[in-house]
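Down below is the structure, laid out as structure tokens.
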Amino acid sequence: MLARVRSAAVFGIDAYLVDVETDIANGLPTFATVGLPQGAVKEGRERVYAALANTGYTFPLKRITVNLAPADIRKDGSAFDLPIAVGILAATEQISPERLGRVAVLGELGLEGAIRPVRGALPVALATRAAGLEALVLPRENLPEAGVVSGVRVLGAGNLAELADYLDGRAELPEARVDLAGLLAERAKHDVDFGEVKGQAHAKRALEVAAAGSHNVLMIGPPGSGKTMLARRLPTILPRMSLDEALETTKIHSVAGVLPVGESLVARRPFRAPHHTISDAGLIGGGSYPRPGEVSLAHGGVLFLDELPEFRKNVLEVLRQPMEDGVVTIARAAMSLTYPARFMLAAAMNPCPCGYFGDPQHNCVCGPLGVERYLARVSGPLLDRIDIHLEVPAVKYRALADQGGGETSEAIRERVDRARAVQRERFAARPGVYANAHMAARDIRTFCRVSDGADALLRTAITRLALSARAYHRILKIARTLADLEGRADIQPKHVSEAIQYRSLDRRGLG
């Protein structure tokens, strides 16, 4: 007796269909699973046995062979419990196999027969639609997540008995129905706003420039100056996510297992703030069976590294490749996975170990050598990939006591959206480039032409401040964004002058 059940597995952030073939033959009672099953898949036979018995079905005391095809790709996780159980029921003719060829099934089984949620429901739904199947049956808790995919029926089952009744045609399962437009609008709201920030007009202006050009930014200031508060509000002025962006981000969060149960869509720009004790695998991704790291979870949003010099040097160095390429490639002996990692880096640090170097209200006790050693913890190649170095001074009492509200995130985002629209049109013929921060050297030569006055100012700055070639290119990128915010096609001296002010580490000779 042979039965075949369609299921799916996740590889990277995408899914592929898996045929769960169940053969039951006479012989000594055995249960063998083949097709490169890993720990949780092998353990599933015990859950399947208990679930069938406790639901009132007969578990055959025969030779059972389950093949997971394609057999040359490693299978991991508990999502094959349900298709294996359904395959045994169909092979022993306890349920009808008629619908099995038109639906995909996945889910983890509890010992009492309940169907529990699994990771990767969204990419599985996309793979089911691409394969042309009629429906996808999965745990009821995963229904909101997979239901955002149109073009395939997404059905939710609470236990094995409900699924058996559906396959026999005795009952129907609840179907997911999601209003994507309404969901995007509802979930796009933020709990914080730039209007809550007191003072710091210079810092707010710099973050607007960073958002408009997708520039990485490093904030330097004493404790309590508002660096973290500013960073947490940076996603509120980034352009709203499109549906395609939301789906891609949700896939990453689903595969990583950080999407809350019942959550259907990540509609806000992600903001990830890992602690400085994080490992390089936690930041970039990895493990024996690779999972996305923080840089991938921040894809399309902001990765905030507070107390930047406190991160281990090897952790910071692995950031360089995803900052440059926008993807992370994790190679293992048996596989190589690529995760998207196009994020804005927002970092914060004190100017010295005690935090008060250059603060007129406090005395710094570190000395010049201590300051130099502290700043040297952040390598030059990493600073090379950060466009804006922003000094954030302590907030004056007058600004703190001001009862008036500042400019809202909505007003700032409107200007950012207009600048981004100009950049999308400019880089329409350059796939993978959609903001000024992503420009290569040839793009800078083409799109960052400066007026005569701006060229003279640049020449003076390079000579007098001894700016490096990398600082020169960063200044041109920032100036291009400043011109876009004003709707200017050419770069004026005032744009170059302001851009130079955002390279504080270069001007202090510490970059």
Note to self: Order 360-366, 197-203 from most to least packed using the mean count of other Cβ atoms within 10 Å.
What the structure shows: 197-203, 360-366
Next item on the list: In square nanometres and to one decimal, what's the mean projected area of the convex hull around the Cα atoms of segment 1-41?
Entry: 3.7 nm²
Notebook entry, point to check: Roughly speaking, to the nearest percent, how much of segment 90-223's 1.4 Å accessible area is carbon and sulfur?
Noted result: 48 percent
Item checked: Unsatisfied cross-links (Cα-Cα over 28 Å) in the set LYS227/LYS313; LYS198/LYS494; LYS204/LYS251; LYS313/LYS396 -> LYS204/LYS251; LYS313/LYS396
Checklist line | Length released on extending from ARG102 to ARG74, taking residue separation times 0.36 nm less the Cα-Cα span | finding: 7.6 nm
Check: Hey, what's the Cα Rg ratio for segment 7-129 versus the globular rule of thumb, 2.2 N^0.38 Å?
Finding: 1.00
Notebook entry, point to check: Taking the Cα centre of the chain as the origin and placing charges on Cβ (Lys, Arg +1; Asp, Glu -1), which of VAL416, HIS190, GLN501 is farthest toward the positive end of the dipole?
Noted result: GLN501
Notebook entry, point to check: Hey, what's the Kirkwood Rh for the chain if you take every pair of different alpha carbons, in angstrom?
Noted result: 25.6 Å
Next item on the list: Starting from the exponent 0.38 and prefactor 2.2 Å, build the expected Rg for segment 316-431 from its residue count and divide its actual Cα Rg by it.
Entry: 1.53
Item checked: the chain: angle of helix 469-486 to the longest principal axis, Cα-based, in degrees nearest 10 -> 80 degrees
Next item on the list: Keeping the other protein chains in place, figure out the carbon and sulfur percent of the accessible area of segment 294-336, with a 1.4 Å probe.
Entry: 49 percent
Note to self: At 1.002 mPa s and 20 °C, plugging the Kirkwood radius over alpha-carbon pairs of segment 360-511 into Stokes-Einstein gives what diffusion coefficient in µm²/s?
What the structure shows: 121 µm²/s
Notebook entry, point to check: Where does segment 23-77 land on Rg/Rh, using Cα atoms and the Kirkwood Rh?
Noted result: 1.00
Next item on the list: Take every DSSP beta bridge with both residues inside the chain and express the antiparallel ones as a percent of the total, to the nearest 5.
Entry: 45 percent
Check: So if R0 is 22 Å, what FRET efficiency would GLU46 and VAL261 give, r being the distance between their Cβ atoms, rounded to the nearest 0.05?
Finding: 0.35
Note to self: If you count only protein heavy atoms and use a 1.4 Å probe, how large is the accessible surface of TYR49, to the nearest 10 Å²?
What the structure shows: 110 Å²
Item checked: Alpha-carbon spread of segment 286-344, three principal axes, descending order, Å -> 36, 24, 17
Note to self: Can you compute the FRET efficiency between ASP417 and GLU112 using 1/(1 + (r/R0)^6), with r the Cβ-Cβ distance and R0 = 41 Å? Round to the nearest 0.05.
What the structure shows: 0.20
Checklist line | Extension reserve of the TYR289-LYS494 stretch, reckoned as 0.36 nm per residue once the Cα distance is removed | finding: 68.6 nm
Check: So what's segment 149-275 giving for Rg/Rh, alpha carbon basis, Kirkwood Rh from the mean inverse pair distance?
Finding: 1.15
Next item on the list: Any chance you could run the full-extension gain for ALA185 through HIS275? It's 0.36 nm times the residue separation minus the Cα-Cα distance, nm to one decimal.
Entry: 29.3 nm
Notebook entry, point to check: What is the calculated FRET efficiency for THR58 to VAL34, with r their C-beta to C-beta distance and R₀ = 30 Å, to the nearest 0.05?
Noted result: 0.80
Notebook entry, point to check: How many Å² of accessible area per residue for the chain, probe 1.4 Å?
Noted result: 43 Å²
Next item on the list: In debye, nearest 20, what is the charge dipole magnitude of segment 301-392 about its Cα centre with +1 on Lys and Arg Cβ and -1 on Asp and Glu Cβ, if you could check?
Entry: 380 debye
Notebook entry, point to check: Label ASP452 and SER468 with points 7 Å out from Cα along Cα→Cβ: what is the distance between them in nm?
Noted result: 3.4 nm
Notebook entry, point to check: ALA157's amide H: which non-local residues (gap 5+, or another chain) put their own amide H closer than 5 Å, with H modeled 1.01 Å from N in plane and none for Pro or chain starts?
Noted result: LEU138, ARG140
Notebook entry, point to check: How do 85-91, 421-427, 267-273 rank on mean C-beta neighbours within 10 Å, highest first?
Noted result: 85-91, 267-273, 421-427
Note to self: Please list 3J(HN,Hα) in residue order for segment 364-378, calculated via the Karplus relation 6.51 cos²θ - 1.76 cosθ + 1.60 where θ = phi - 60°; whole Hz, with x for glycine and proline.
What the structure shows: 7, 10, 8, x, x, 5, x, 5, 5, 5, 5, 5, 6, 5, 9
Check: Rounded to the nearest whole Å³, what is the per residue volume of the convex hull around the Cα atoms of segment 326-384?
Finding: 127 Å³
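The values are calculated or read from the model by the stated rules, or taken from the named source; none is laboratory data. Predicted model, so just to flag it, every value in this text is computed and none were measured. Reconstructed Cβ throughout: ideal geometry from the backbone, glycine too, with neighbour counts over all protein chains shown. Calculation scope for accessible area: heavy atoms of the full protein, side chains included, ligands and nucleic acids excluded. Shrake-Rupley method; radii C 1.70, N 1.55, O 1.52, S 1.80 Å.
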